[in-house]
1. Can you pull out every residue in the range A:14-61 that is among the polar types (S, T, N, Q) and in contact (Cβ under 8 Å) with a residue 60 or more places away in the chain?
2. Which residues, counting only those in the range A:130-148, are more than 24 Å from the chain's Cα centre (by Cα) and loosely packed, with under 14 Cβ neighbours inside 10 Å?
3. Check B:Ile58 against each of (1) open to solvent by 60 Å² or more (accessible area, probe 1.4 Å); (2) more than 13 Å from chain A (Cβ to nearest Cβ) and name the one condition it does not meet.
4. Can you tell me which residues in the range A:154-170 are surrounded by 15 or more Cβ atoms within 10 Å (Cβ to Cβ) and closer than 28 Å to A:Phe6 by Cβ?
5. When the residues of the range A:322-332 are filtered to those that are farther than 20 Å from A:Gln17 by Cα and open to solvent by 10 Å² or more (accessible area, probe 1.4 Å), which remaining residue is nearest to the other protein chains (Cβ to nearest Cβ)?
6. Would you say B:Gln105 is loosely packed, with under 11 Cβ neighbours inside 10 Å and under 19 Å from the mean Cα position of the chain (by Cα)?
7. Would you confirm whether or not the range A:205-227 contains a residue that is hydroxyl-bearing (Ser, Thr, Tyr), in contact (Cβ under 8 Å) with a residue 40 or more places away in the chain and farther than 21 Å from A:Asn344 by Cβ?
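The values are calculated or read from the model by the stated rules, or taken from the named source; none is laboratory data. As the structure is a computational prediction, the values presented were derived from the model and not from experiment. For neighbour counting, all protein chains shown are included, and Cβ atoms are generated from backbone atoms with ideal geometry for every residue, glycine included. All accessible areas refer to the heavy atoms of the entire protein, side chains included, with ligands and DNA or RNA removed. Shrake-Rupley method; radii C 1.70, N 1.55, O 1.52, S 1.80 Å.
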Amino acid sequence: MIILLFAFILLFITVLQAFTPKFLKQTEAFGIYVPEQYTLEPTIVRLKKRYSSVVLMIGLIALAGYLFWALTQNPGEEILVLLSVGVQFATLFISIGYYFIMHVRVKKLKKEQGWLTGKNEVRVVDIQFQQKLQLLPRVMFIIPMIVTVGLIIYTYMKYPEMPDMIPTHWGPSGQPDAFSEKTYFSSIATLLMLLVLQGMFLMMSEGMKFSGARINPANKKTSLTQQLAFRKYTSWFALFISVSITLMLGYFHLQTIHPEIGLAWIMFAIPLTFLVVVFVAVAIYAVKVGQSGSRIKVNDSSPGLEDKIAIDEDRYWKGGMFYFNKEDPSIMVEKRFGVGWTLNFAHPVSWIVLIVPLLLIFGITFLL
Amino acid sequence: MKKAYFLLRVGFFHLFLTYVFFVLFTIEQKCYTNCITKDGGETVFIEIKANSDVPIYIQLANQLIEGIARGELKPGESLPSVRVFAADLGMNMHTVNKAYHYLEQKEFIQIVAKSGVIIQPNKIPKATAYQKQQLADQIRPILAEGIVLKLSEEEMVDMLRELVRDIKEGIQ
């Protein structure tokens, strides 16, 4: 069962990685800005196709190898989990490595063919962008946090009745596999982690309010609509994940206080449901919305303008993956390769946003 | 028995919630793309050229002035905060600040501490003799350049008319 679960995760990661170019804006190929008129350049189309097929093939080979090994060798659970995660990471790293090769090729092609020479580089801004933006209100993200705080209070009320060993980690089958002695801290450690995660989703939604929009000058209205939709659905997605995690961890925690609700099949079903539900959400987000809303259809009758191109920002994107722009006050920016968001690393706040939750999570695990 | 029933409810609550989320998403997405494409006509787009000799803060101010001239930016309408505007431009906040102060000096906008930047809510009066003189001073060297480049008076007047029309119709 666990083997199947990991195989499923591996397959999902592979497919998502392989088809990434399909979920992206046409004007960005392997982290390089491609002006409107070159998006259908045969070389680029070919490179995208090759990337998809190579990554898919490597992933499937890894999957087959993994399944063969796991089913024939009958490894112990610990080794199985370790290797499964190892295979996932290896597949990810290989696809990123291949991405870099493609990145360098497109970069070279761009230089050779002089895609930017003689074009008007223009930045387009919609003045009412903020007014049009329909993010979910902050309260929606705070409610799950209030639930968590409520659970902490409830835990302390029930503290004397709790078992002497508190589960702090659950295995893939939903059974606790790590315990800590009961203290005022360890009894709420799970909830503190939950609070950190919820805080991250809250910050994600807030960060979008100060994230600059990049509107394609060749297709202003379409690109504006897509951008607005992308941000809106990102906040939906963030809330959805936040609520899901709250339900899962909240239930696990309640089960520690009230062991009678922890039926084995439910403990088994919850993480599985969670996983499936999250994967479905990710798939919908990628396929239906796409990066920067690129997969949302817009009925825009105005003709595309070919003589204007966006300002080339390649110099701020190290390797097409990491954004460093001192001038830009945005903290969160849309990824170039991949669906989702990344940070402006030239901003100290980005590092704080990145490191503080990590420190908190490590801190909590360390103190246990 | 009661407990088992309760468990079932908790266990399936998540699935139910998920289902609601996706139904909402589908309905919403359909409406949203329809609505926004229908009434997206009044959007005020600002365009900044990267390889222009005109400083960016002046380009920014000029674009906003054109928006006011066309009536797209109505009196009292709010403009984005310096931070948000700079993020959208991907440029320094200082640049936006400079443009806003330039426009404030001309009394085309008001910078209200804490509540933000708005287009001059009071009706902007007709140019005074002094303002008219200032405009003339700015146009003068350009006309002189035109004369040197052998443009006739009619040609320059035509050019002016065309430009006024372009501004009103929003042609870049």
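1. A:Thr14, A:Gln17, A:Thr20, A:Gln26, A:Thr27, A:Gln37, A:Thr43 - these are the residues of the range A:14-61 that are among the polar types (S, T, N, Q) and in contact (Cβ under 8 Å) with a residue 60 or more places away in the chain.
2. A:Gln131, A:Ile146 - these are the residues of the range A:130-148 that are more than 24 Å from the chain's Cα centre (by Cα) and loosely packed, with under 14 Cβ neighbours inside 10 Å.
3. Result: B:Ile58 passes all but (1).
4. Correct list: A:Ile166, A:Pro167, A:Thr168, A:Trp170.
5. A:Glu327
6. Answer is yes for this residue.
7. yes
Here's the yes/no breakdown for (1) touching an Asp or Glu at 6+ places or on another chain (Cβ under 7 Å); (2) crowded, with 16+ Cβ neighbours inside 10 Å; (3) at pLDDT 90 or above; (4) not aromatic (Phe, Trp, Tyr):
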| site | (1), (2), (3), (4) |
| --- | --- |
| A:Gln26 | no, no, no, yes |
| A:Val34 | yes, yes, yes, yes |
| A:Thr43 | no, no, yes, yes |
| A:Arg46 | no, no, yes, yes |
| A:Ser52 | no, yes, yes, yes |
| A:Leu63 | no, yes, yes, yes |
